[in-house]
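Enquirer: Mind looking over this structure? Questions follow.
The values are calculated or read from the model by the stated rules, or taken from the named source; none is laboratory data. Bear in mind the structure is a predicted one, so any value in this text is a computation, not a measurement. Cβ placement follows ideal geometry from the backbone for every residue including glycine, while neighbour counts extend to all protein chains displayed. Remember, those area values only see protein heavy atoms, side chains included, never the ligands or the DNA or RNA. Shrake-Rupley method; radii C 1.70, N 1.55, O 1.52, S 1.80 Å.
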Amino acid sequence: MIHPSAEPPFWLPLLAGLPIGLCLVVMALPALGHGHATAYRTLYLLAFLAWLPPLAALQRGLWRRRLPIALTAGILLLATYAMSVFNNLLGDLMALSAGWSRADEFRFAGLFNGLESCWLALIAFCAMHAVIAYYVELKHEKQQREQAHLLARDAELRALRYQLHPHFLFNTLNAISTLVAEERGHDARRMISQLAGFLRASLEGGGQHEVSVAEEIALTDAYLEIEKARLGERLQLAWRIDAELLHAAMPYLLLQPLVENAIRHGIAPRATPGRLDIRISRRAERLMLQLDNDMDATATPAAPRDAAVGLRNVAERLARLYPDDHDFHAGPRPDGHGYRVSLDLPFRVATTAPQAQTAA
Amino acid sequence: MMRVAVVDDEPLARRGVIARLAAHPDIVLAGEYADGRQALEGLGGEPVDLVFVDVQMPTLDGLSMLAALPADRQPLSILLTAHDRFALRAFELRAIDYLLKPIDDERFAEALARARQLHRWRVPGADASGAEEVAPDADDAPAPARRFSVRVGRRLTFVEADEVEWIQADGDYAVLHARGQRHLLRESLQRLATRLDPLRFLRVHRSAIVRIDCVAELQALPNRDALLRLRDGTPLRASRTYIDALLAHFQPPA
């Protein structure tokens with residue numbers, strides 16, 4: 001069974017059949033005026049047009065049954081042949097009733113002569129119909145393939161997106177529990193609503209894979225608010241966002257895991273304050289993101305395993321979202337002081353971004 | 001004096017709202033309802049000034065309940081919801097605000113302050129008691145501070161108010177950001193807000209105050225909040241409560 005949208009609409013092959021009718025007329029032009037040619041040709045043309053709907057229906061029926069092509073072609077050849085013979089019969093009947101020929105002159109074999117133009121026209125129609133149907137089906141299949149591809153990509157991205165670090169969640173709950181134990185109800189409630197704000201933003205987030213830079217910063221900031229409360233002065237944070245980038249598109253939940261990674265591995269493990277610099281800029285048609293922390297790269301010989309998981313997750317999402325159109329690097333800074341993650345993406349305006357306002 | 005009702009099907013959720021209301025002496029709890037139908041009956045018989053309504057409730061949800069109240073019995077309403085997606089409908093229904101669960105204390109206080117203001121406007125002379133003590137107005141605030149004393153190491157020094165670009169809450173302290181430096185001030189943002197020149201400084205979030213001329217860009221977010229970018233490249237979240245005041249400063253003079 002073929003999906004209904006994989007078939008051309010019924011009127012389409014009929015419309016395509018009209019030029020063939022026109023050809024019949026053109027081919028008949030030289031003969032017009034000779035004897036009763038005009039009447040015959042008109043009859044054949046009308047008969048041809050009348051045959052189109054049943055022929056199209058027959059061909060569609062065969063197509064739907066998915067018969068082998070040779071069998072379909074055979075059946076259609078026979079059917080069109082029968083139609084042509086019937087047309088000739090009509091012609092003879094017209095001649096008889098008009099008195100152009102007499103019944104005793106009727107030759108049965110004559111019915112099978114001079115079929116070419118009628119039969120050829122009907123065959124041409126079938127061929128055209130087949131081409132149209134084939135083309136529409138091909139297009140439909142391609143659409144379905146693309147659809148399936150999109151769905152698969154969507155599912156993969158979704159799965160990658162939800163790999164939130166449970167560490168963060170449990171550490172935050174632990175911090176809240178401490179605040180409650182110390183009867184610091186107000187601080188506890190504040191941290192609960194901060195955590196709720198972050199979870200809401202990361203779990204509900206619109207179902208899109210791309211958001212505006214502004215949205216991603218707001219989400220990351222909701223996360224940072226909690227980390228600041230947990231780490232206090234140990235976290236020294238500096239943002240630097242260049243002008244007119246807030247409405248640019250970037251992957252949803254991309255910056256936050258990178259920041260989380262930098263804090264967990266660059267700042268949380270040490271006792272002294274650690275610095276994190278987040279920079280977003282634009283170079284020509286590229287959006288550049290850069291995270292620097294002053295973690296002593298030599299102190300941690302190899303990036304811990306879960307840090308690698310976090311970065312690989314980001315790398316996989318980028319590979320799916322911008323195949324061959326992004327750059328992602330993570331490693332010790334060129335000057336040897338600290339760790340740097342940098343990436344560049346195509347610069348585009350986010351579809352979700354409402355109009356921005358710029359101060360005069 | 002404001003008569004307030006709380007409608008939520010979860011007893012703990014109602015108690016959470018009532019406990020927070022207890023801190024405000026100008027509020028009288030006039031009713032507590034466990035679903036929309038009860039509330040509709042109760043509020044029809046005994047009107048209140050303000051109602052806190054949970055959006056998702058059995059039998060009759062909060063939005064339908066509000067819509068079903070006769071026009072002359074419509075109280076001011078603040079919606080309570082666990083999901084952001086009711087935000088738009090909340091504003092269609094002219095709810096004055098909506099609070100996300102779990103409720104944030106500062107947001108709660110902001111919503112209540114807004115209700116007070118509208119109530120005063122609706123019922124002139126209704127603000128006889130209480131309100132002023134809880135939320136001091138600009139009228140009785142002292143003249144704006146010119147400078148703040150901060151401690152650098154063991155030395156006491158001053159930061160000029162004119163040089164402060166933005167102020168960030170840090171627990172019960174405030175961090176002044178001025179000329180790329182951070183200064184810790186032993187004062188809550190709440191209190192500090194009353195000491196600043198309201199024409200130059202604007203509260204934009206429960207945890208941030210910004211000097212208006214330092215804001216370079218404002219980008220609206222889908223949840224009606226906004227993100228600001230300061231001239232030095234710092235991003236700051238601005239919550240919807242303060243957006244109107246901010247936008248007023250962004251409009252070119254007519």
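Enquirer: What pairs come up if the first residue lies in segment A:128-155 and is under 20 Å from A:LEU14 (Cα atoms), the second is charged (D, E, K, R) and open to solvent by less than 100 Å² (accessible area, probe 1.4 Å), and their beta carbons are under 9 Å apart, counting only those six or more places apart or on different chains?
Expert: A:HIS129/A:ARG60; A:ALA133/A:GLU7; A:ALA133/A:ARG60; A:VAL136/A:GLU7; A:GLU137/A:GLU7
Enquirer: How many of the residues in segment B:168-188 are assigned to a strand (DSSP E or B), within 11 Å of another protein chain (Cβ to nearest Cβ) and under 19 Å from A:ARG240 (Cβ atoms)?
Expert: Residues of segment B:168-188 that are assigned to a strand (DSSP E or B), as a first pass: B:168-170, B:173-178, B:181-185.
After this cut, where a residue has to be within 11 Å of another protein chain (Cβ to nearest Cβ) as well, the list is B:168-170, B:173, B:175, B:177, B:182, B:184.
Filter once more, keeping what is under 19 Å from A:ARG240 (Cβ atoms): B:168, B:175, B:177, B:182.
So the answer is 4.
Enquirer: Need a quick list: strands (runs of 3 or more DSSP E) entirely within segment B:1-112 having at least 3 residues that are away from chain A (no Cβ under 14 Å), closer than 20 Å to B:ASN223 by Cβ and open to solvent by less than 60 Å² (accessible area, probe 1.4 Å).
Expert: On the way: elements: B:2-7, B:27-33, B:50-54, B:76-81, B:97-100.
Because the criterion is at least 3 residues that are away from chain A (no Cβ under 14 Å), closer than 20 Å to B:ASN223 by Cβ and open to solvent by less than 60 Å² (accessible area, probe 1.4 Å), the strands (runs of 3 or more DSSP E) in segment B:1-112 that meet it are B:76-81.
Enquirer: Given the conditions (1) in a loop (DSSP other than H, G, I, E, B); (2) under 19 Å from A:SER193 (Cβ atoms); (3) more than 10 Å from chain A (Cβ to nearest Cβ), which single one is not true for B:PRO198?
Expert: (2)
Enquirer: Identify the single condition in (1) in a strand (DSSP E or B); (2) without any contact (Cβ under 8 Å) to a residue 12 or more places away in the chain; (3) not hydroxyl-bearing (Ser, Thr, Tyr) that B:GLY233 does not satisfy, given that it satisfies every other one.
Expert: The failed condition is (1).
Enquirer: Pick from A:GLY21, A:GLY61, A:GLY33: which is out of contact with any Pro (no Cβ under 9 Å at 6 or more places or on another chain) and assigned to a loop (DSSP other than H, G, I, E, B)?
Expert: Details: A:GLY21 fails: assigned to a loop (DSSP other than H, G, I, E, B); A:GLY61 fails: assigned to a loop (DSSP other than H, G, I, E, B).
One residue alone meets the criteria, A:GLY33.
Enquirer: Oh, and also: Just checking, does segment B:126-138 include any residue being at pLDDT 80 or above and away from chain A (no Cβ under 14 Å)? Lay out the reasoning, then the answer.
Expert: In the first step, residues of segment B:126-138 are kept if they are at pLDDT 80 or above; the result is none.
No, segment B:126-138 has no match at all.
Enquirer: May I ask you to list the residues in segment A:25-38 that are open to solvent by 40 Å² or more (accessible area, probe 1.4 Å) and under 14 Å from A:TRP100 (Cβ atoms)? So that I can check it myself, show each step before the final result.
Expert: The initial filter retains those residues of segment A:25-38 that are open to solvent by 40 Å² or more (accessible area, probe 1.4 Å), namely A:25-27, A:29-30, A:32-36, A:38.
Within segment A:25-38, A:HIS34, A:GLY35, A:HIS36, A:THR38 qualify.
Enquirer: May I ask you to list the residues in segment A:203-227 that are within 24 Å of the chain's Cα centre (by Cα) and small (Gly, Ala, Ser)?
Expert: A:GLY205, A:GLY206, A:GLY207, A:SER212
Enquirer: Go over the candidates B:ARG206, B:ARG151, B:ARG179, B:ARG191 one by one and state the one that is at pLDDT below 85, open to solvent by 80 Å² or more (accessible area, probe 1.4 Å) and charged (D, E, K, R).
Expert: Values: B:ARG206 fails: open to solvent by 80 Å² or more (accessible area, probe 1.4 Å); B:ARG179 fails: at pLDDT below 85; B:ARG191 fails: at pLDDT below 85.
It is B:ARG151.
Conditions tested, residue by residue: (1) of a type in the set (Gly, Ala, Ser); (2) under 22 Å from B:ALA238 (Cα atoms); (3) over 36 Å from the mean Cα position of the chain (by Cα); (4) open to solvent by less than 50 Å² (accessible area, probe 1.4 Å).
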site: A:ARG189; (1), (2), (3), (4): no, yes, yes, no
site: A:LEU195; (1), (2), (3), (4): no, yes, no, yes
site: A:ALA229; (1), (2), (3), (4): yes, yes, yes, no
site: A:LEU245; (1), (2), (3), (4): no, yes, no, yes
site: A:GLN256; (1), (2), (3), (4): no, yes, no, yes
site: A:THR272; (1), (2), (3), (4): no, no, yes, no
site: A:ARG275; (1), (2), (3), (4): no, no, yes, no
site: A:ARG282; (1), (2), (3), (4): no, no, no, no
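Enquirer: From the set of residues in segment B:1-35 that are without any contact (Cβ under 8 Å) to a residue 24 or more places away in the chain and in contact with an Asp or Glu (Cβ under 8 Å, 6 or more places away or on another chain), which is farthest from B:LEU79 (Cα to Cα)?
Expert: Step by step, filter segment B:1-35, then rank; the result is B:ILE18.
Condition check ((1) without any contact (Cβ under 8 Å) to a residue 40 or more places away in the chain; (2) touching a Gly at 6+ places or on another chain (Cβ under 8 Å); (3) open to solvent by 70 Å² or more (accessible area, probe 1.4 Å); (4) more than 15 Å from A:ALA130 (Cα to Cα)) across all residues:
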{"site": "A:LEU12", "(1), (2), (3), (4)": "no, no, no, no"}
{"site": "A:GLY21", "(1), (2), (3), (4)": "no, no, no, yes"}
{"site": "A:TYR40", "(1), (2), (3), (4)": "no, yes, no, yes"}
{"site": "A:LEU49", "(1), (2), (3), (4)": "yes, yes, no, yes"}
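Enquirer: Of all residues in segment B:231-252, how many are within 16 Å of B:ALA178 (Cα to Cα) and crowded, with 20+ Cβ neighbours inside 10 Å?
Expert: Just the residues of segment B:231-252 that are within 16 Å of B:ALA178 (Cα to Cα), to begin with: B:231-236.
If we keep only those that are crowded, with 20+ Cβ neighbours inside 10 Å as well, we get B:234-236.
Number satisfying all stated conditions: 3.
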